[in-house]
Amino acid sequence: MNERVLAVVVSYNPQVEALKILLRSLAEQQVPTLVVDNASNNIAEIERLSHTHESEVMLHRQSANSGLGAAHNVGIGLAREKGFSHVLLLDQDSVPLSGMVEELEQAMRLKSALGKVSAVGATYLNADNGAESFFVRFGWLKFQRQYCGNRDADGCIEADFLISSGSLIALEALDHIGLMDEKLFIDHVDTEWFLRARNRGYRAFGVCNAVMQHGLGNTTHQINFGGNKFGRQRNVPQHQPFRYYYIFRNSILLYKRRDASLLWKWNDFQRLIMIALMFGLFRGPRRENAQMMIKGIIDGLRGISGKAF
C-alpha cells in the first residue's frame, strides 16, 4: 500500500487497561502509534505501557493539558517529520476492531481517485450499549442520520462531518485545509475543521466496514421521543458539567465564522436546545450543568476562547 499511516492517540488521565487494549489493537493491525499525552496524572503508568513488548509506541509528553486540537497538531507535526503520509486520529477510549485501518485506507484510495477528500471515518459501536452509530448530513429540519444500509458501491456514506476519533486524514489535505483550531480546546474541534474543509471543496466519507468501539460520554441515556410505541429511540451522551461550557461556548464562537453554514448553525442550535432541556432541567447535576451552559454562552458572545478551567 502507498499510505504510511501514523495513529495519533490523545491521552489525558486514561484508564490504563483501556489504553492497553487500544494500543494492542493497533499493534495487531501493524499501525505505528504515537501517544500525545496532555500532562496526565498517571504518566508513569503510560510510560511503562509504551515500553511493553506487545504495544511498543512512541510517546510525546505535553508539559500541560493544552487541549485536543493542540495535541492533534503535535501529532500531525511529528507525523510529517517522520515521513508519514496520513494520520489516524483516535481518542483514548476508542478501540479499532479487526481490519478497521485497512478498510479506511482502501476507502481513502477509492474516494481520493474521484476528488478531494478531507477524511474517511470509521463507524462505531457505543461502548455503553453496543448501538451502531450513523453518519450525519445537514438537513433543513435537523441533522439527517445516514445509516450503513444506504452505503454506496464502495461501502461508504458521504457525511458533512465526522467525529475526529477514527478519522483517517492525508497530510496533503491538511496542507490545504489547515491544522486544528487549538483555541477551541476540546469540543467542536473536529466540527470546525470539517466545516472549513467543506468550504474548500473537500468531501468526507464514513466507511461502513471500518468499525471501532467508542465511548461518547460518561453515561449514555436511551430516550424515546414520542412515546414507547411510536417514538424514535435516541442515544444521548451525558458529560461532566464543565464539558457543557465548551459545547455551548464553542458553538457560539463558530456561529460567528464564515465557514459555518446557515444550515449547520440551525441544526446545531436545535441540538443545543435539546441538551439544555435534558441536562439543564431533567438530568442532574442540573444546577451545575445549567451554570456551565450559561457561562459558555456568555463567554462565546464575548469571544473568549482557549482553556477555561
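The values are calculated or read from the model by the stated rules, or taken from the named source; none is laboratory data. This is a predicted model, so every value here is computed, not measured. No Cβ is skipped: glycine too gets one built from the backbone with ideal geometry, and neighbour counts run over all protein chains shown.
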Problem set entry | Leading residue by the ranking (modelled with the lowest pLDDT) among those in region 196-239 that are touching a strand residue (DSSP E or B) at 6+ places or on another chain (Cβ under 7 Å) and not in a strand (DSSP E or B) | Gly231
Exercise. For the subset of region 295-309 comprising residues that are among the aliphatic types (A, V, I, L, M) and assigned to a helix (DSSP H, G or I), which member is surrounded by the most Cβ atoms within 10 Å (Cβ to Cβ)?
Worked result: Ile297
For this session: Of the conditions (1) part of a helix (DSSP H, G or I); (2) farther than 28 Å from Asp154 by Cα, Asn41 clears all except one; give me its number.
Result: (1)
For this session: Report, by residue number, each residue of region 136-162 that is of a type outside the set (A, V, I, L, M), under 19 Å from Met108 (Cα atoms) and touching a helix residue (DSSP H, G or I) at 6+ places or on another chain (Cβ under 8 Å).
Result: Asp154, Gly155, Cys156, Asp160, Phe161
Problem set entry | In region 147-171, the residues that are at pLDDT 95 or above, among the polar types (S, T, N, Q) and not in a loop (DSSP other than H, G, I, E, B) | Ser167
Exercise. Looking at Leu90, Leu59, Leu34, which one is assigned by TED's automatic domain parsing to the domain that holds His176 and closer than 23 Å to Arg203 by Cα?
Worked result: Leu90
Problem set entry | The listed residue being over 22 Å from the mean Cα position of the chain (by Cα), on the phi < 0 side of the Ramachandran plot, surrounded by 15 or more Cβ atoms within 10 Å (Cβ to Cβ) and of a type in the set (A, V, I, L, M, F, W, C), out of Met278, Met292 | Met278
Exercise. Looking at Leu68, is it modelled with pLDDT under 95, closer than 19 Å to Ala18 by Cβ and not aromatic (Phe, Trp, Tyr)?
Worked result: no
Exercise. How many of the residues making up region 110-140 are crowded, with 23+ Cβ neighbours inside 10 Å and modelled with pLDDT under 95?
Worked result: 1
Exercise. How do the pairs read when you match residues in region 250-272 that are touching a residue at least 24 places away in the same chain (Cβ under 8 Å) and surrounded by 15 or more Cβ atoms within 10 Å (Cβ to Cβ) with residues anywhere that are among the aliphatic types (A, V, I, L, M) and part of a loop (DSSP other than H, G, I, E, B), using Cβ under 8 Å and keeping only pairs 6 or more apart or on different chains?
Worked result: Leu254/Ala260
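Does Ala107 qualify as being part of a strand (DSSP E or B), of a type in the set (Gly, Ala, Ser), surrounded by 21 or more Cβ atoms within 10 Å (Cβ to Cβ) and within 20 Å of the chain's Cα centre (by Cα)?
No: the conditions fail for Ala107.
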Exercise. Hey, among Leu89, Leu34, Leu23, which residue is without any contact (Cβ under 8 Å) to a residue 60 or more places away in the chain, among the hydrophobic types (A, V, I, L, M, F, W, C), assigned to a strand (DSSP E or B) and within 18 Å of Ser165 (Cα to Cα)?
Worked result: Leu34
Seminar exercise, completed: Being assigned by TED's automatic domain parsing to the domain that holds Leu110 and either of a type in the set (S, T, N, Q) or surrounded by 21 or more Cβ atoms within 10 Å (Cβ to Cβ) (or both) narrows Ala44, Ala27, Ala79 down to just Ala79
For this session: Could you list, in sequence order, all residues of region 252-270 that are touching a His at 6+ places or on another chain (Cβ under 7 Å) and more than 17 Å from Ala197 (Cβ to Cβ)?
Result: none
Seminar exercise, completed: Inside region 43-92, the number of residues satisfying the requirement of being among the aliphatic types (A, V, I, L, M), in contact with a strand residue (DSSP E or B) (Cβ under 7 Å, 6 or more places away or on another chain) and closer than 27 Å to Ser118 by Cβ is 12
Exercise. What pairs can you find where one residue is in region 196-214 and of a type in the set (S, T, N, Q), the other is part of a helix (DSSP H, G or I), and their Cβ atoms are less than 7 Å apart, with a gap of 6+ or different chains?
Worked result: Asn209/Glu103
Problem set entry | Selection from region 191-201 of residues that are buried (at least 19 other Cβ atoms within 10 Å of the Cβ) and over 21 Å from Gly303 (Cβ atoms) | Phe194, Ala197, Arg198
Seminar exercise, completed: Flagged in region 82-104 as surrounded by 21 or more Cβ atoms within 10 Å (Cβ to Cβ) and touching an Asp or Glu at 6+ places or on another chain (Cβ under 7 Å), in numbering order, are His86
